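Novice: Below: one structure in structure tokens.
The values are calculated or read from the model by the stated rules, or taken from the named source; none is laboratory data. Note that this is a predicted model, so its numbers are computed, not measured. Note that we place each Cβ from the backbone using ideal geometry, even for glycine, and neighbour counts take in every protein chain shown.
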Amino acid sequence: MPTLLWFRQDLRLSDNAALLAAEQRGGPVIPVFVWAPEEDRPWPPGRASRWWLERSLAALDAALRQHGSRLIVRRGPTVTALVKLAAECGADTVFWNRRYEPAAAARDEKVKAAIASETFESALLFEPGRILNSAGRPFQVFSAFWRACQSMPEPAAPARAPASIPAPSRWPKSETVPDDSSAIEGWQPGEAAAQQHLRRFVKRAGSYATDRDRPDHEGTSRLSPHLHFGEIGPRQIWHALRSNEAYLRELAWREFAWHLLFHFPRTPDEPFRPRRREAPSKLDPRSLRLWRTGRTGYPIVDAGMRQLLETGWMHNRVRMLVASFLVKDLLIDWREGAAWFWDKLVDADLANNTLNWQWVAGCGADASPWFRIFNPVTQGEKFDPQGDYVRRWLPQLQRLSAQWIHKPWDAPASVLAAAGVRLGRTYPLPIVDHREASERARAK
């Protein structure tokens with residue numbers, strides 16, 4: 001009997017548990033993707049995610065065709081689409097890899113009730129519910145969670161893609177995912193590109209522990225969007241970098257985020273900790289707009305927001321800085337920042353996005369205390385000491401020296417004139433005084 005293979009955020013052929021099980025079952029395999037973003041509310045895919053998804057699905061279809069198969073795309077509702085496709089093909093079951101977002105989990109239960117199903121784990125190193133403390137409860141501190149992970153048997157070696165995928169005698173019709181007109185630079189979605197990224201990173205991963213905090217260096221893996229869409233699996237990364245504990249900790253932080261979301265599904269919209277632990281907030285539409293568009297007057301903050309707008313990605317150190325600035329200097333609710341990142345990031349991941357924003361706001365699991373406030377000037381001088389990152393994303397400051405590039409308002413008038421910088425015109429003045437803003441946040 002034919003088997004439906006339902007792709008979601010596992011857009012790869014290698015180390016794909018559901019695909020391997022469907023192929024080993026025997027009989028034709030019909031790969032399908034169902035476009036139903038309305039079912040993911042209140043967190044449907046943002047614009048950057050839709051841009052990536054469209055191209056990733058095209059790459060997956062091309063890879064499937066090289067294995068004698070193809071991808072069938074249908075529009076939702078998901079249950080209706082899968083039941084109808086199964087009837088068209090004579091399929092008696094649908095295989096898929098599990099997801100853990102609240103909306104996805106609820107949808108999966110509806111699918112199970114409507115059609116025979118088998119589900120598999122392919123997105124995480126450890127299934128949620130397997131890593132628990134001595135009381136049988138989920139960990140709320142990362143260091144303890146990481147120690148528990150290290151005490152577990154090592155994740156299984158990744159499996160190769162099948163040599164071929166059995167095809168039906170006649171293919172059902174396919175639809176299309178709506179085209180997204182966003183312009184995002186510097187990425188090539190798909191499994192092949194993900195594997196290429198991994199090979200490149202392995203060669204320079206020895207300096208990761210020191211270079212990962214330097215946005216002016218190519219020190220990070222940039223694998224996050226590929227991992228989010230399942231173009232590469234966590235086991236593949238683990239075994240390629242098994243001796244690099246600094247990077248494996250980052251992979252474990254992702255696991256921690258997903259375990260928390262699984263056990264505490266309301267956290268994308270509510271603080272993990274009581275509200276009294278959360279940074280005080282207000283809504284200032286003008287300041288929020290200036291933050292979103294990279295016009296705060298703080299170069300490291302603005303550079304990060306411009307990088308986000310142009311590439312759909314931001315260096316992790318800078319993500320912490322811009323988040324701290326929004327929540328603590330501007331006293332704007334962390335959910336405003338989380339929603340903006342969700343729409344603009346190509347690696348927008350509900351679990352990571354939630355954990356990281358709540359970490360900065362001081363209301364999440366194992367969070368930074370809310371009274372810890374990053375200084376955008378000293379952080380810029382420490383992690384972008386020559387100003388190369390700022391110059392790349394803020395060309396209007398390109399001629400400023402490293403001495404002044406992170407605090408142009410302190411530069412002598414003659415220096416600004418020589419660099420062609422006119423504060424308030426070619427580059428904005430700071431929208432708040434960081435020292436005063438910090439004191440105000442701590443007082444509140």
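Table: residues versus (1) over 19 Å from Lys444 (Cα atoms); (2) of a type in the set (S, T, N, Q).
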site: Met305; (1), (2): yes, no
site: Leu308; (1), (2): yes, no
site: Asn316; (1), (2): yes, yes
site: Leu330; (1), (2): no, no
site: Gln358; (1), (2): no, yes
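Novice: Could you give every pair whose Cβ atoms fall below 6 Å, whose first residue belongs to the stretch 260-274 and is acidic (Asp, Glu), and whose second residue is assigned to a loop (DSSP other than H, G, I, E, B), counting only separations of at least 6 or pairs across chains?
Specialist: none
Novice: Being assigned by TED's automatic domain parsing to the domain that holds Trp370 and not in a loop (DSSP other than H, G, I, E, B) is the requirement here; does Arg399 meet it?
Specialist: no
Novice: Counting only residues that are out of contact with any Phe, Trp or Tyr (no Cβ under 9 Å at 6 or more places or on another chain) and assigned to a helix (DSSP H, G or I), which one in the stretch 70-80 is surrounded by the fewest Cβ atoms within 10 Å (Cβ to Cβ)?
Specialist: My answer is Thr80.
Novice: How about the stretch 418-444: which of its residues are touching a residue at least 40 places away in the same chain (Cβ under 8 Å), more than 30 Å from the chain's Cα centre (by Cα) and more than 18 Å from Val390 (Cα to Cα)?
Specialist: Listed by number, the residues that qualify are Arg440, Arg442, Lys444.
Novice: Could you please let me know if Arg47 is at pLDDT below 95, among the charged types (D, E, K, R) and surrounded by fewer than 20 Cβ atoms within 10 Å (Cβ to Cβ)?
Specialist: yes
Novice: Could you check, for the stretch 15-23, whether at least one of its residues is in contact (Cβ under 8 Å) with a residue 12 or more places away in the chain, in contact with a helix residue (DSSP H, G or I) (Cβ under 6 Å, 6 or more places away or on another chain) and either assigned by TED's automatic domain parsing to the domain that holds Val79 or within 30 Å of Ala163 (Cβ to Cβ) (or both)?
Specialist: yes
Novice: Restricting the search to the stretch 414-425, which residues are assigned to a loop (DSSP other than H, G, I, E, B) and either in contact with a strand residue (DSSP E or B) (Cβ under 7 Å, 6 or more places away or on another chain) or surrounded by 15 or more Cβ atoms within 10 Å (Cβ to Cβ) (or both)?
Specialist: Across the stretch 414-425, the qualifying residue is only Val421.
Novice: Tally the residues that are among the charged types (D, E, K, R) and either in a loop (DSSP other than H, G, I, E, B) or loosely packed, with under 14 Cβ neighbours inside 10 Å (or both), restricting the search to the stretch 365-381.
Specialist: 2
Novice: Could you tell me whether any residue of the stretch 190-208 is surrounded by fewer than 18 Cβ atoms within 10 Å (Cβ to Cβ) and within 18 Å of Ile72 (Cα to Cα)?
Specialist: no
Novice: Further question on the same structure: Would you confirm, using the coordinates I've provided, whether Asp333 is of a type in the set (D, E, K, R) and at pLDDT below 95?
Specialist: yes
Let's see how each residue does on (1) within 24 Å of the chain's Cα centre (by Cα); (2) assigned to a helix (DSSP H, G or I):
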| site | (1), (2) |
| --- | --- |
| Ser143 | yes, yes |
| Pro153 | no, no |
| Pro166 | no, no |
| Trp187 | yes, no |
| Arg204 | yes, yes |
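Novice: Could you list, in sequence order, the residues of the stretch 110-139 that are farther than 25 Å from Arg12 by Cβ and either of a type in the set (Val, Ile, Thr) or not assigned by TED's automatic domain parsing to the domain that holds Ile237 (or both)?
Specialist: Lys110, Ala113, Ala114
Novice: Something else now. Give the residues of the stretch 399-413 that are polar (S, T, N, Q) and either buried (at least 17 other Cβ atoms within 10 Å of the Cβ) or touching a residue at least 12 places away in the same chain (Cβ under 8 Å) (or both), sorted by residue number.
Specialist: Across the stretch 399-413, the qualifying residue is only Ser401.
Novice: Let me ask something else. Test Arg242 against the criterion of being at pLDDT 90 or above, loosely packed, with under 13 Cβ neighbours inside 10 Å and closer than 21 Å to Ser122 by Cβ, and give yes or no.
Specialist: yes
Novice: Only one of these is surrounded by 19 or more Cβ atoms within 10 Å (Cβ to Cβ), outside any helix (DSSP H, G or I) and under 19 Å from the mean Cα position of the chain (by Cα): Pro225, Pro265, Pro215, Pro271. Name it.
Specialist: From the options Pro225, Pro265, Pro215, Pro271, the qualifying one is Pro215.
Novice: Sticking with this structure for a sec: Considering only residues of the stretch 340-367 that are among the small types (Gly, Ala, Ser) and farther than 12 Å from Ala323 by Cα, which is nearest to the chain's Cα centre (by Cα)?
Specialist: Ala348
Novice: Restricting the search to the stretch 35-64, which residues are under 21 Å from Ala103 (Cα atoms), without any contact (Cβ under 8 Å) to a residue 40 or more places away in the chain and either out of contact with any Asp or Glu (no Cβ under 8 Å at 6 or more places or on another chain) or not assigned by TED's automatic domain parsing to the domain that holds Pro77 (or both)?
Specialist: Answer for the stretch 35-64, where residues must be under 21 Å from Ala103 (Cα atoms), without any contact (Cβ under 8 Å) to a residue 40 or more places away in the chain and either out of contact with any Asp or Glu (no Cβ under 8 Å at 6 or more places or on another chain) or not assigned by TED's automatic domain parsing to the domain that holds Pro77 (or both): Pro37, Glu38.
Here's the yes/no breakdown for (1) modelled with pLDDT of 95 or more; (2) surrounded by fewer than 19 Cβ atoms within 10 Å (Cβ to Cβ); (3) over 29 Å from Arg12 (Cα atoms); (4) in contact with an Asp or Glu (Cβ under 9 Å, 6 or more places away or on another chain):
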residue: Thr220; (1), (2), (3), (4): no, no, no, yes
residue: Phe256; (1), (2), (3), (4): yes, no, no, yes
residue: Leu261; (1), (2), (3), (4): yes, no, no, yes
residue: Asp284; (1), (2), (3), (4): no, yes, yes, no
residue: Thr293; (1), (2), (3), (4): yes, yes, yes, yes
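Novice: Is there a residue in the stretch 42-50 that is among the hydrophobic types (A, V, I, L, M, F, W, C) and under 24 Å from the mean Cα position of the chain (by Cα)?
Specialist: Yes, the conditions are met somewhere in the stretch 42-50.
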